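J.: Dropping a structure here in C-alpha coordinates format, bear with me for questions.
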Amino acid sequence: MALFGGKRDISLFKNISKELINDIIQTEVAYYKFALEQTNINVYGEAPGKNYYEPLKIACLMDRQDQSWSSDDFGPDVNQIIDFRFLKEELKDINLMPEVGDLILFRNNFYEVDSRTENQLFMGRDPDYALSTETVDFGGSYSITVNTHISRVEKLNLIPLRGNKYPTTTKVNGGIANKF
(Lines give C-alpha, C1' and ligand atoms only; values in the text may rest on other atoms or scores of the structure.)
Protein backbone atom coordinates (compact mmCIF):
# COMPACT_ATOMS: atom_id res chain seq x y z
CA MET A 1 0.00 0.00 0.00
CA ALA A 2 1.40 3.40 -0.98
CA LEU A 3 1.93 6.20 1.51
CA PHE A 4 0.32 8.83 -0.76
CA GLY A 5 -2.39 8.47 -3.36
CA GLY A 6 -4.99 6.64 -1.29
CA LYS A 7 -8.76 7.15 -1.32
CA ARG A 8 -8.58 10.16 1.00
CA ASP A 9 -5.93 11.85 -1.15
CA ILE A 10 -7.99 11.25 -4.29
CA SER A 11 -11.12 12.62 -2.59
CA LEU A 12 -9.22 15.74 -1.48
CA PHE A 13 -7.85 16.21 -5.01
CA LYS A 14 -11.34 15.87 -6.57
CA ASN A 15 -12.97 18.30 -4.12
CA ILE A 16 -10.25 20.95 -4.43
CA SER A 17 -10.25 20.68 -8.23
CA LYS A 18 -14.02 21.02 -8.42
CA GLU A 19 -14.06 24.01 -6.03
CA LEU A 20 -11.17 25.70 -7.83
CA ILE A 21 -12.73 25.45 -11.30
CA ASN A 22 -16.36 26.15 -10.34
CA ASP A 23 -16.08 28.65 -7.47
CA ILE A 24 -12.77 30.48 -7.85
CA ILE A 25 -11.79 30.55 -11.53
CA GLN A 26 -15.40 30.54 -12.81
CA THR A 27 -14.64 30.38 -16.54
CA GLU A 28 -17.69 28.90 -18.23
CA VAL A 29 -18.27 27.94 -21.83
CA ALA A 30 -21.29 26.78 -23.81
CA TYR A 31 -20.74 23.28 -25.20
CA TYR A 32 -22.66 22.28 -28.37
CA LYS A 33 -22.72 18.53 -28.92
CA PHE A 34 -22.74 17.44 -32.58
CA ALA A 35 -26.01 15.63 -33.43
CA LEU A 36 -24.88 13.02 -35.93
CA GLU A 37 -28.26 11.25 -36.17
CA GLN A 38 -30.10 14.48 -37.08
CA THR A 39 -27.55 15.64 -39.67
CA ASN A 40 -28.39 14.95 -43.31
CA ILE A 41 -25.60 13.86 -45.63
CA ASN A 42 -25.34 13.92 -49.43
CA VAL A 43 -24.31 11.08 -51.73
CA TYR A 44 -20.64 11.86 -51.08
CA GLY A 45 -21.00 11.46 -47.30
CA GLU A 46 -20.65 15.20 -46.72
CA ALA A 47 -22.91 17.27 -44.48
CA PRO A 48 -23.62 20.72 -45.95
CA GLY A 49 -25.33 21.79 -42.72
CA LYS A 50 -24.49 20.26 -39.35
CA ASN A 51 -26.97 20.01 -36.48
CA TYR A 52 -26.12 20.46 -32.82
CA TYR A 53 -27.93 19.82 -29.56
CA GLU A 54 -28.83 22.65 -27.20
CA PRO A 55 -25.73 24.05 -25.48
CA LEU A 56 -24.63 22.99 -22.00
CA LYS A 57 -22.85 25.39 -19.65
CA ILE A 58 -19.60 23.88 -18.32
CA ALA A 59 -16.81 25.31 -16.17
CA CYS A 60 -13.29 24.73 -17.45
CA LEU A 61 -9.68 25.82 -17.61
CA MET A 62 -8.15 26.93 -20.88
CA ASP A 63 -4.83 27.50 -22.55
CA ARG A 64 -5.12 30.20 -25.22
CA GLN A 65 -2.60 30.79 -27.95
CA ASP A 66 -2.21 34.16 -29.62
CA GLN A 67 -4.36 34.95 -32.61
CA SER A 68 -2.70 34.57 -35.98
CA TRP A 69 -3.71 36.55 -39.03
CA SER A 70 -3.41 35.55 -42.66
CA SER A 71 -4.31 37.41 -45.81
CA ASP A 72 -5.19 36.09 -49.25
CA ASP A 73 -7.32 37.08 -52.26
CA PHE A 74 -10.47 36.97 -50.11
CA GLY A 75 -9.11 39.33 -47.45
CA PRO A 76 -7.72 38.95 -43.94
CA ASP A 77 -8.58 35.92 -41.82
CA VAL A 78 -7.98 35.19 -38.14
CA ASN A 79 -7.18 31.87 -36.49
CA GLN A 80 -6.79 30.96 -32.83
CA ILE A 81 -6.14 27.68 -31.06
CA ILE A 82 -7.44 27.05 -27.53
CA ASP A 83 -7.15 23.97 -25.33
CA PHE A 84 -10.16 23.59 -23.03
CA ARG A 85 -9.69 21.42 -19.93
CA PHE A 86 -12.69 19.84 -18.21
CA LEU A 87 -13.06 17.70 -15.10
CA LYS A 88 -13.97 14.19 -16.22
CA GLU A 89 -16.33 13.63 -13.29
CA GLU A 90 -18.39 16.71 -14.17
CA LEU A 91 -18.68 15.58 -17.78
CA LYS A 92 -19.90 12.17 -16.55
CA ASP A 93 -22.51 13.89 -14.36
CA ILE A 94 -24.09 15.61 -17.39
CA ASN A 95 -23.55 12.56 -19.67
CA LEU A 96 -21.22 14.35 -22.08
CA MET A 97 -18.18 12.89 -23.81
CA PRO A 98 -16.33 15.41 -26.02
CA GLU A 99 -15.81 14.31 -29.60
CA VAL A 100 -14.30 15.71 -32.77
CA GLY A 101 -16.76 18.08 -34.47
CA ASP A 102 -18.40 19.45 -31.31
CA LEU A 103 -18.50 23.22 -30.77
CA ILE A 104 -17.54 25.40 -27.83
CA LEU A 105 -18.78 28.98 -27.51
CA PHE A 106 -16.37 31.29 -25.68
CA ARG A 107 -16.35 35.10 -25.87
CA ASN A 108 -18.72 35.19 -28.88
CA ASN A 109 -16.45 32.89 -30.89
CA PHE A 110 -17.18 29.30 -31.83
CA TYR A 111 -14.34 26.79 -31.49
CA GLU A 112 -14.54 23.41 -33.22
CA VAL A 113 -13.07 20.40 -31.42
CA ASP A 114 -10.12 18.88 -33.31
CA SER A 115 -9.03 16.23 -30.79
CA ARG A 116 -9.59 14.91 -27.29
CA THR A 117 -6.77 14.02 -24.90
CA GLU A 118 -7.20 12.04 -21.70
CA ASN A 119 -3.73 11.24 -20.43
CA GLN A 120 -3.27 13.23 -17.23
CA LEU A 121 -3.19 10.54 -14.55
CA PHE A 122 -3.31 11.22 -10.82
CA MET A 123 -0.13 9.85 -9.21
CA GLY A 124 0.87 8.62 -12.68
CA ARG A 125 -1.19 5.45 -12.26
CA ASP A 126 -3.99 4.03 -14.33
CA PRO A 127 -6.15 1.53 -12.39
CA ASP A 128 -7.47 0.06 -15.67
CA TYR A 129 -4.00 -1.23 -16.51
CA ALA A 130 -2.68 -2.17 -13.06
CA LEU A 131 -0.51 -5.27 -12.85
CA SER A 132 -1.39 -5.90 -9.22
CA THR A 133 -4.75 -5.75 -7.50
CA GLU A 134 -3.61 -3.50 -4.64
CA THR A 135 -3.25 -0.47 -6.94
CA VAL A 136 -6.90 -0.58 -8.05
CA ASP A 137 -7.87 2.27 -5.69
CA PHE A 138 -5.00 4.51 -6.80
CA GLY A 139 -4.64 7.02 -9.59
CA GLY A 140 -6.87 7.45 -12.57
CA SER A 141 -7.73 10.03 -15.20
CA TYR A 142 -9.51 13.07 -13.81
CA SER A 143 -9.43 15.56 -16.69
CA ILE A 144 -10.19 15.71 -20.39
CA THR A 145 -8.49 18.23 -22.68
CA VAL A 146 -9.98 19.17 -26.05
CA ASN A 147 -7.91 20.96 -28.67
CA THR A 148 -9.93 23.42 -30.73
CA HIS A 149 -9.61 25.99 -33.49
CA ILE A 150 -11.76 29.04 -34.17
CA SER A 151 -14.54 28.37 -36.67
CA ARG A 152 -16.61 30.68 -38.83
CA VAL A 153 -20.20 31.20 -37.72
CA GLU A 154 -21.41 31.22 -41.33
CA LYS A 155 -20.10 27.67 -41.81
CA LEU A 156 -21.98 26.37 -38.77
CA ASN A 157 -25.51 27.52 -39.67
CA LEU A 158 -25.95 28.92 -36.17
CA ILE A 159 -27.35 32.27 -35.17
CA PRO A 160 -25.44 33.62 -32.17
CA LEU A 161 -27.27 35.61 -29.52
CA ARG A 162 -26.62 39.36 -29.41
CA GLY A 163 -27.13 40.80 -25.94
CA ASN A 164 -29.15 37.72 -24.91
CA LYS A 165 -31.71 38.42 -27.65
CA TYR A 166 -32.37 36.51 -30.82
CA PRO A 167 -32.15 38.54 -34.04
CA THR A 168 -35.46 39.98 -35.15
CA THR A 169 -37.28 38.80 -38.26
CA THR A 170 -38.67 42.29 -38.82
CA LYS A 171 -37.35 44.05 -41.92
CA VAL A 172 -37.34 47.84 -41.84
CA ASN A 173 -38.28 49.27 -45.25
CA GLY A 174 -38.43 53.06 -45.43
CA GLY A 175 -39.27 53.32 -41.74
CA ILE A 176 -42.09 50.75 -42.00
CA ALA A 177 -41.60 47.38 -40.34
CA ASN A 178 -42.46 44.39 -42.54
CA LYS A 179 -42.50 40.77 -41.43
CA PHE A 180 -40.68 38.28 -43.66
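The values are calculated or read from the model by the stated rules, or taken from the named source; none is laboratory data. Values in this document were obtained by computation on a predicted structure and should not be read as measured data. With ideal geometry, Cβ positions are generated from the backbone for all residues, glycine too; neighbour counts draw on all protein chains shown. Quick note on the areas: whole protein, heavy atoms, side chains included, nothing else; ligands and nucleic acids left out. Shrake-Rupley method; radii C 1.70, N 1.55, O 1.52, S 1.80 Å.
J.: Hey, what's the per residue convex hull volume over the C-alpha atoms of the range 1-87, in cubic angstrom? Display every interim value, and only then the final one.
T.: Working: hull volume 19.4 nm³, N = 87.
Taking the convex hull of the Cα positions in the range 1-87, it is 223 Å³ per residue.
J.: Quick check for you: with a 1.4 Å probe and neighbouring chains kept, what is the accessible area per residue of the range 70-121, in Å²?
T.: Numbers: 3100 Å² over 52 residues.
With all protein chains present, the range 70-121 gives 60 Å² per residue.
J.: Could you work out the relative contact order of the range 1-106, using alpha carbon pairs under 8 angstrom and six or more residues apart, expressed as a whole percent? Before the final figure, lay out the partial values.
T.: Details: 122 pairs, mean separation 29.9, N = 106.
Worked out over the range 1-106, it gives 28 percent.
J.: P(r) of the range 16-64 in 5 Å steps, Cα pairs, percent per bin?
T.: So the P(r) values, bin by bin, are 5, 18, 17, 14, 12, 11, 10, 8, 4, 2, 0.
J.: Tell me the GluC sites (Glu not before Pro) within the range 3-70 that lie in a loop according to DSSP and have at most 14 other beta-carbon atoms within 10 Å. Show your work: numbers first, answer last.
T.: Working: sites: 19, 28, 37, 46; in loops: 37, 46.
Counting only loop positions with at most 14 other Cβ atoms within 10 Å, the GluC sites (Glu not before Pro) in the range 3-70 are 37, 46.
J.: For the range 1-88, run through the chymotrypsin sites (Phe, Trp or Tyr not before Pro) and keep only the ones in DSSP coil with at most 11 other Cβ atoms within 10 Å of their Cβ.
T.: Answer by residue number: 4, 44, 74.
J.: So which trypsin sites (Lys or Arg not before Pro) in the range 22-110 pass both tests, a DSSP loop state and at most 16 other Cβ atoms within 10 Å of the Cβ? Before the final figure, lay out the partial values.
T.: On the way: sites: 33, 50, 57, 64, 85, 88, 92, 107; in loops: 33, 50, 107.
Sites meeting the loop and neighbour criteria: 107.
J.: Sticking with this structure for a sec: Please say if the range 57-126 is rounded, prolate or oblate, where rounded means a/c under 1.5 for a ≥ b ≥ c the square roots of the C-alpha gyration tensor eigenvalues, and otherwise the choice is prolate for a/b larger than b/c and oblate otherwise? Show your work: numbers first, answer last.
T.: Working: a/c = 2.73, a/b = 2.04, b/c = 1.34.
Since a/c reaches 1.5 and a/b is larger than b/c, the shape of the range 57-126 is classed as prolate.
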